[in-house]
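Q: Below is a structure I'd like to ask you about.
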Amino acid sequence: MRAAMGLLTGALALTMLVEQARPSARGPESPLKPIDDPEAYAVYASVLAGDLPAHAASARRLVFLKETSTNQSCMPSGKPLDGEWRAVVENFKSENAQVRAIRPGFSLGLPYVVVPTEEIQALFLAAPDAATLGWSGFYQQYPDSGGYISVSAVGFDRPKTRAMVYLATACGGLCGGGTHHLLEKVNNAWREATLPGLSSCMWVS
């Protein structure tokens, strides 16, 4: 497994999550296109249920960045993605060609709020204390969150039985990580796919 290791702190972590992959710019007056597909939120819920980090496992309310984000420099690779999963990858790239907007109100297993990146950035900048690297400002506002989460738009195959999504979390100066997930729908439920020959990539801090 390839791994991109890095030290991410406070507002820097937030900036990286958002800027890792903004494939194309949008005009200042252009609203973000929301993600409205309930199936996409079912994929998010499945990934969170199986991969929610320990720091967020006891969270009572999750915090999502409103703007979607991916990590183009840390994409999975391998033979499966060039074959039967190619349509999923191509749809993932298409869905993430523009930054999208996460919507509140879907079932993700835990209550959640959707917060614009600039509002979370302001919390760090308002509390630039060296001891917590600005995280004290975030946790003062969201004490029961376990940090914040950033996700991509979801890529599907045509029948929506396969999916690809990126999810990253951050909870402190040395607490966070992100990776892409590949999922299959089995018995009407999404689960992580096991693909021989797949090379994954992740970053951790």
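Q: So, in the range 150-162, how many residues would count as being open to solvent by less than 20 Å² (accessible area, probe 1.4 Å) and part of a loop (DSSP other than H, G, I, E, B)?
A: 3
Q: Taking the range 163-198, which residues are open to solvent by 10 Å² or more (accessible area, probe 1.4 Å), among the small types (Gly, Ala, Ser) and under 10 Å from the mean Cα position of the chain (by Cα)?
A: Correct list: Gly177 only.
Q: Turning to a different aspect of this structure: Identify the single condition in (1) closer than 18 Å to Phe138 by Cβ; (2) in contact with a helix residue (DSSP H, G or I) (Cβ under 7 Å, 6 or more places away or on another chain); (3) in a helix (DSSP H, G or I) that Ala122 does not satisfy, given that it satisfies every other one.
A: Answer for Ala122: the failing condition is (2).
Q: Can you give me the number of residues within the range 96-112 that are open to solvent by 40 Å² or more (accessible area, probe 1.4 Å) and either free of Cβ contacts under 8 Å to residues at least 40 places away in the same chain or touching a strand residue (DSSP E or B) at 6+ places or on another chain (Cβ under 6 Å) (or both)?
A: Summing the residues that are open to solvent by 40 Å² or more (accessible area, probe 1.4 Å) and either free of Cβ contacts under 8 Å to residues at least 40 places away in the same chain or touching a strand residue (DSSP E or B) at 6+ places or on another chain (Cβ under 6 Å) (or both) in the range 96-112 gives 4.
Q: Then there is this: Output the residues belonging to the range 63-108 that are aromatic (Phe, Trp, Tyr) and under 20 Å from Pro38 (Cβ atoms). Steps first, please.
A: First pass over the range 63-108, keeping only residues aromatic (Phe, Trp, Tyr): 64, 85, 92, 106.
Selection gives Phe64, Phe92, Phe106.
One line per residue, one yes/no per condition, for (1) among the aliphatic types (A, V, I, L, M); (2) outside any helix (DSSP H, G or I); (3) touching a Cys at 6+ places or on another chain (Cβ under 9 Å):
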{"residue": "Gly137", "(1), (2), (3)": "no, no, no"}
{"residue": "Asp144", "(1), (2), (3)": "no, yes, no"}
{"residue": "Leu167", "(1), (2), (3)": "yes, yes, no"}
{"residue": "His181", "(1), (2), (3)": "no, yes, no"}
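Q: From (1) modelled with pLDDT under 90; (2) open to solvent by 80 Å² or more (accessible area, probe 1.4 Å); (3) assigned to a helix (DSSP H, G or I); (4) more than 23 Å from Gly176 (Cα to Cα), pick out the condition that doesn't hold for Pro80.
A: Of (1) modelled with pLDDT under 90; (2) open to solvent by 80 Å² or more (accessible area, probe 1.4 Å); (3) assigned to a helix (DSSP H, G or I); (4) more than 23 Å from Gly176 (Cα to Cα), only one is false for Pro80: (2).
The values are calculated or read from the model by the stated rules, or taken from the named source; none is laboratory data. Note that this is a predicted model, so its numbers are computed, not measured. Neighbour counts run over all protein chains shown; Cβ positions are idealised from the backbone, glycine included. Note: accessible area is taken over every heavy atom of the protein model, side chains too, but ligands, DNA and RNA are not part of it. Shrake-Rupley method; radii C 1.70, N 1.55, O 1.52, S 1.80 Å.
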